[in-house]
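Worksheet for the structure shown next.
The numbers here are math on the coordinates, done by the rules we state, and not lab data. Owing to the predicted nature of the structure, the values given are computational and were not obtained by experimental measurement. Neighbour counts run over all protein chains shown; Cβ positions are idealised from the backbone, glycine included.
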Amino acid sequence: MDVSFIAVQLLSGLTMATLLFLVASGLTLIFGVGNVFNFAHGSFYMLGAYLAYQTVSAWHGNFWVAALVAAIGAGILGMMAEFLFLRRIYGRAEEGGFQILLTYSFILVIDDLVKMIWGTEYKSLLRPAGFQGSITAAGVTMPTYNLAIIGIGLLIAVLAWWILARTRPGRVARATALDREMLGAMGVNVPRTMTLVFGIATALGGFAGALAAPLRSVTPGAGIEVIIDSLIVVVIGGMGHFWGAWLGALLLGEVNSFAVAIVPEWASVVSYVVMVLCLIFKPEGLFAPRQVRKA
Amino acid sequence: MERDTDLKQAVLWLVVFAAFALVPVATASKYHLLLAAHILLWGLFAVAFNMLWGVTGMLSFGQALYFGLGAYSVGLMVKHVGPGWFLPGLGLGLVCSVILSLAVGLLIIRVSGVFFTVLTLAFGQLAWQITFRWYHFTGGDDGVQGIIPPGILGNGLVYYYFILILVALAIWLMHRLSQSPMGVLLRCVRQNPSRVPFLGQSVRFSQLRIYVVSSFFAALAGSLMAGADNSIHTDMLYWTTSGEVILMSVLGGIGQFFGPFIGAGVLIVLQDVMGAKTEYWPLMIGIVMMVMVLLLPRGLVGEFQALRVRLKSLVASR
Amino acid sequence: MECILKLDGLEKAFGGLRVTASVSFSVKEGELSAIIGPNGAGKTTLFNQITGHLLPDRGKITFVGEDITGLSPQQIVKRGMGRAFQITSIFPEETVLENVRMACLSRRDEALSYFRPVHRFKEATDQAFAILESLGLHQQADRPAFELAHGDQKLLDIGMALGLEPKLLLLDEPTAGMSPDERQLTRDLIRRMWKEFNLTLIFIEHDMDTVFGIAQTVRVLQLGALLAEGTPDQIRSNPQVITAYLGEDLA
Ligand SMILES: Nc1ncnc2c1ncn2[C@@H]1O[C@H](COP(=O)(O)OP(=O)(O)OP(=O)(O)O)[C@@H](O)[C@H]1O
Ligand SMILES: [Mg+2]
């Protein structure tokens with residue numbers, strides 16, 4: 001194993017980590033702020049990929065416009081899903097289970113609708129103009145598009161950090177996380193906030209889907225693969241912890257990238273092994289702060 | 001009063017059992033016999049699943065793991081050792097399901113709620129991945145075909161009655177469990193877990209116990225399914241299988257012991273009627289799930305009972 | 001009389017907040033005593049440590065001659081300690097009878113039986129019914145617990161603790177949220193239970209009529225520390241207690 005091999009794998013792991021982070025951060029955001037577990041989050045990722053494909057191939061749009069369309073489209077659909085369906089079960093006894101089932105039904109419906117509209121064959125997207133080549137530095141060759149993804153991911157992470165730590169809505173969201181009643185008591189319009197947060201989260205998912213489209217082919221099954229990966233990220237990072245999602249994505253992305261290079265057959269199993277190890281040693285999430293144990 | 005419901009239950013039992021026993025008399029079609037066998041086995045699977053969710057409040061999205069484990073124990077035994085090894089495979093599957101569910105259970109009962117669900121899903125998918133990739137051992141995506149039960153069980157009719165008796169026995173055992181002190185304890189764990197330790201009982205161990213029991217019966221259903229279908233496939237381990245068994249429970253009603261069994265029957269018949277016509281089966285069950293969750297959360301049996309209670313009180317108030 | 005419960009220098013802090021500040025006292029067997037103190041004094045937290053729900057940072061808890069510090073709630077319950085909660089804690093969908101029967105079954109080590117239907121456990125059922133009778137809840141035995149009035153739910157919570165046949169019973173604000181009439185009834189009931197079941201009983205209470213009406217010993221907690229301990233008369237005339245806590249009420 002030489003240095004450039006390691007460097008290439010590290011960078012490609014970072015690309016994967018960034019995409020994972022974008023998806024998982026949406027998942028963890030809705031859970032952290034709204035206490036809603038959106039099982040269908042991966043389906044919004046997939047929708048984003050298809051919307052980007054549609055914009056570029058059928059409407060001849062620019063890729064970056066397409067990514068924006070994907071984010072906005074997934075966001076609007078996410079808000080509709082929350083507004084029309086999810087909010088009907090808030091506060092119901094055993095809400096947690098029913099949330100999972102309702103969002104599970106979203107998966108089934110969205111996946112089939114996508115199949116109806118776009119068919120089952122693979123779709124692919126070209127990398128955007130200006131990002132089709134690669135650059136070589138210190139003997140390491142890297143596609144510029146991957147570097148762009150890493151850059152965008154960093155930008156969004158910094159932006160999210162700034163919103164959460166430095167702005168009032170961000171601080172309110174953190175302080176009252178998991179507590180809708182408390183939010184209400186603070187004079188926040190809870191239903192509207194929930195819809196909005198849901199929209200932001202699904203937009204993040206859709207955006208990630210669009211960014212990933214040129215790297216992976218776009219298929220109706222994409223949502224399920226992604227949701228399971230991001231679930232692992234979230235389990236590793238600790239559900240509802242923003243930075244946990246980031247670190248979890250990094251760990252999983254890197255492990256996966258090396259696994260793909262070294263044991264390609266079993267790469268997808270390796271993710272689970274990482275998760276199981278984490279569970280054995282720290283079940284509340286590797287990066288979650290220690291909590292008071294319940295009896 | 002309690003004795004009275006005992007009797008009613010027993011009668012209901014006999015009627016359902018007799019109805020399934022009479023299926024081969026009513027129809028000579030092999031296809032209908034297989035349909036009835038599917039209802040029995042999925043019904044068993046769903047009832048076992050509901051001991052976890054409806055009774056104890058643990059929503060597992062990974063019971064397909066044990067269903068598949070049972071099926072693959074039988075299938076791989078037949079494939080690698082020989083056709084006569086059907087029954088030992090069945091036994092092995094049951095033993096493995098207990099060992100595996102104990103190990104996995106110990107890991108995952110440490111978390112609750114959504115986390116529990118996520119972890120069950122992850123372990124289920126892990127098993128699916130391994131089965132899918134390990135081609136030369138499991139047959140990968142091709143599965144295993146030609147699993148014929150040995151000896152007299154090879155006869156479809158005999159095998160049907162074999163299933164009927166085992167399923168009836170298994171469901172009866174679980175019914176006894178649900179009526180027993182431990183059944184009450186499990187319901188208590190769902191309703192108010194923080195009170196349970198102060199009655200001198202352990203929440204975690206109660207959860208672990210029922211996780212193992214539920215997984216055991218899921219494995220039984222899976223292994224019998226291998227013989228009924230004469231084949232196994234990785235789909236049995238896939239997460240949509242876990243999803244389907246959840247849907248059956250919601251459809252029938254998770255608050256009633258027999259709800260999931262009825263749900264299984266309804267869904268399988270529906271699949272039989274619609275499946276041939278629509279390629280959009282997932283869309284269908286997605287919509288069914290949505291309707292149940294939003295409008296009929298108590299399930300068909302639960303809503304029916306609620307309706308009956310309402311009507312009764314309406315009549316009484318006249 | 002023997003000492004049944006002994007606390008030695010118990011300490012507990014949540015973050016920087018010291019909620020139990022080197023609390024030591026011992027409770028004699030058969031005693032009926034009260035713990036009082038202003039809101040947030042750490043009374044419930046003290047119960048939580050005694051019952052094993054919370055682990056004290058420091059100190060030792062001895063129950064019937066055995067060190068129970070660090071044992072789990074279930075282990076402590078098995079050694080004969082029962083508890084009812086400040087915020088009523090019952091099994092809402094189960095019937096009233098089932099709630100108490102679960103406790104009786106647990107006491108008899110029958111809670112894990114998995115084959116015989118629960119109503120065939122004759123002794124536990126009879127015992128549960130007897131407890132309901134002495135609490136005056138027997139007529140509602142077949143109703144789901146969530147349908148009960150608030151006061152009755154509190155009684156049911158106590159009934160569950162009684163089903164464990166505890167040596168020591170801890171009640172956290174048994175009359176909270178009750179009407180004056182209900183309070184009077186509950187007060188009489190607590191004293192009757194205490195005698196009928198041969199209990200050592202400690203209750204936390206804000207209602208002074210209840211405290212001074214039935215307790216043999218009163219302990220005062222303030223800011224996590226034990227401020228005073230004595231007979232109701234001693235406490236009533238303790239100048240520290242008067243200024244610190246009873247002030248407006250009695251001074
Ligand atoms: N799990 C916990 N984590 C952090 N702080 C806690 C916790 N439990 C209690 N506290 C704090 O400890 C202090 C004492 O609480 P405790 O419930 O013991 O008071 P109390 O004397 O029972 O009051 P009350 O009369 O209102 O019931 C309070 O300030 C409370 O906010
Ligand atoms: Mg208190």
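Between the alpha-carbon centers of the stretch B:106-143 and the stretch C:175-251, tell me the distance in whole angstrom.
The two parts, judged by their Cα centres, are 57 Å apart.
Calculate for chain A the 222 nm mean residue ellipticity that helices alone would give, adding -39,500 (n - 2.57) per DSSP H run of length 4 or more and normalising by residue count, nearest 500 deg cm²/dmol.
Result for chain A, helices only: -22500 deg cm²/dmol.
Compute the distance in nm between two label points, each set 7 Å from the Cα along the Cα-to-Cβ direction, one at C:Ala130 and one at A:Asp2.
Going by the 7 Å Cα→Cβ label model, 8.7 nm.
Only bridges with both residues in chain C count here: give the DSSP antiparallel percent, nearest 5.
On the way: 21 of 38 bridges.
The antiparallel proportion sits near 55 percent.
For a footprinting-style exposure proxy, rank C:Asp126, B:Asp229, A:Asp111 by other Cβ within 10 Å, fewest first.
Working: C:Asp126 12, B:Asp229 19, A:Asp111 24.
With the fewest neighbours first, C:Asp126, B:Asp229, A:Asp111 line up as C:Asp126, B:Asp229, A:Asp111.
Evaluate E = 1/(1 + (r/R0)^6) for A:Arg87 and A:Arg168, where r is the Cβ-Cβ distance and R0 equals 25 Å; express this FRET efficiency to the nearest 0.05.
On the way: r = 24 Å, r/R0 = 0.97.
Computed FRET efficiency for A:Arg87 and A:Arg168 comes out at 0.55.
Based on DSSP H runs of at least 4 residues, each adding -39500 (n - 2.57), what is the mean residue ellipticity at 222 nm of chain B after dividing by all its residues, to the nearest 500 deg cm²/dmol? Each step should come with its number before you reach the end.
Numbers: 13 runs with 237 residues, N = 318.
Here the helix-only value at 222 nm equals -25500 deg cm²/dmol.
I'd like the trypsin sites (Lys or Arg not before Pro) in the stretch A:26-131 restricted to DSSP loop residues with at most 14 other Cβ atoms within 10 Å, sorted by number. Could you put the intermediate results ahead of the total?
Values: sites: A:Arg87, A:Arg88, A:Arg92, A:Lys115, A:Lys123; in loops: A:Arg92.
When the trypsin sites (Lys or Arg not before Pro) of the stretch A:26-131 are filtered for loop state and at most 14 Cβ neighbours within 10 Å, A:Arg92 remain.
For the protein assembly as shown, what is the charge dipole size about the Cα centre, in debye to the nearest 20, if Lys and Arg each add +1 at the Cβ and Asp and Glu each add -1 at the Cβ?
The calculated dipole for the protein assembly as shown is roughly 340 debye.
Please check chain A for the longest run free of chymotrypsin sites (Phe, Trp or Tyr not before Pro) that are loop-located per DSSP (anything but H, G, I, E, B) and have at most 11 other Cβ atoms within 10 Å. It would help to have the intermediate numbers written out before the result.
Working: sites that count: A:Trp59, A:Tyr122.
Here the longest run is A:123-295.
Please compute, for the alpha-carbon atoms of chain C, the extent along each of the three principal axes and give them in descending order in Å.
Projected onto its principal axes, the Cα set of chain C covers 57, 40, 38 Å.
Which value in nm describes the separation of the simple spin-label points at A:Lys282 and B:Asp142, placed 7 Å from the Cα toward the beta carbon?
A separation of 4.5 nm, rounded to one decimal place.
May I ask you to list the trypsin sites (Lys or Arg not before Pro) in the stretch C:104-160 that are in a DSSP loop and have at most 12 other Cβ atoms within 10 Å of their Cβ?
Working: sites: C:Arg107, C:Arg108, C:Arg120, C:Lys122, C:Lys154; in loops: C:Arg108.
When the trypsin sites (Lys or Arg not before Pro) of the stretch C:104-160 are filtered for loop state and at most 12 Cβ neighbours within 10 Å, nothing remains.
Under a straight-distance cross-link criterion of Cα-Cα below 24 Å, which lysines are reachable from A:Lys115, leaving out those fewer than 8 residues away in the same chain?
A:Lys123, B:Lys277
Taking DSSP loops as anything outside H, G, I, E and B, show the longest stretch in chain C free of chymotrypsin sites (Phe, Trp or Tyr not before Pro) there with at most 16 other beta carbons within 10 Å. Intermediate results must be reported in sequence, preceding the final value.
Details: sites that count: C:Phe115, C:Phe197.
The segment C:1-114 is the longest one with no such site.
Considering only the other residues whose Cβ falls under 13 Å of the Cβ of A:Val269, what net charge follows from Lys and Arg at +1 and Asp and Glu at -1?
On the way: positive: B:Arg133; negative: A:Asp229, A:Glu265.
Residues close to A:Val269 contribute a combined charge of -1.
Dividing the Cα convex hull volume of the protein assembly as shown by residue count, how many Å³ per residue is that?
On the way: hull volume 176.8 nm³, N = 864.
Taking the convex hull of the Cα positions in the protein assembly as shown, it is 205 Å³ per residue.
For the stretch A:92-130, run through the GluC sites (Glu not before Pro) and keep only the ones in DSSP coil with at most 10 other Cβ atoms within 10 Å of their Cβ. Intermediate results must be reported in sequence, preceding the final value.
Details: sites: A:Glu94, A:Glu95, A:Glu121; in loops: A:Glu94, A:Glu121.
In loop regions of the stretch A:92-130 (DSSP not H, G, I, E or B), the sparsely surrounded GluC sites (Glu not before Pro) are A:Glu121.
Between B:Tyr135 and B:Ile99, what FRET efficiency follows from the Cβ-Cβ distance if R0 is 25 Å, with the result rounded to 0.05?
Values: r = 25 Å, r/R0 = 1.00.
The value I calculate is 0.50.
Given only helices, namely DSSP H runs of n ≥ 4 each adding -39500 (n - 2.57), what is the per-residue ellipticity at 222 nm of chain C, to the nearest 500 deg cm²/dmol?
On the way: 9 runs with 88 residues, N = 251.
Result for chain C, helices only: -10000 deg cm²/dmol.
Quick check of the Kirkwood formula: for chain B, what is the inverse mean of 1/r over all pairs of different Cα atoms, in Å? Intermediate results must be reported in sequence, preceding the final value.
Working: mean 1/r = 0.0493 Å⁻¹.
Here the Kirkwood hydrodynamic radius works out to 20.3 Å.
If you take the Cα Rg of the stretch A:17-220 and divide it by 2.2 N^0.38 Å, with N the number of residues, what do you get? Working shown, then result.
Values: Rg = 18.1 Å, N = 204, 2.2 N^0.38 = 16.6 Å.
Normalised by 2.2 N^0.38 Å, the Cα Rg of the stretch A:17-220 equals 1.09.
Determine the relative contact order of chain A: mean sequence separation of Cα pairs under 8 Å and six or more apart, normalised by residue count, in whole percent. Write out the running numbers ahead of the final one.
Numbers: 454 pairs, mean separation 109.4, N = 295.
Relative contact order for chain A comes out at 37 percent.
Over 18 Å between Cα atoms: which of A:Lys282/C:Lys12; C:Lys60/C:Lys195; C:Lys6/C:Lys60 fall into that group? Numbers along the way, then the final one.
Values: A:Lys282/C:Lys12 25 Å; C:Lys60/C:Lys195 29 Å; C:Lys6/C:Lys60 8 Å.
With Cα atoms farther than 18 Å apart: A:Lys282/C:Lys12; C:Lys60/C:Lys195.
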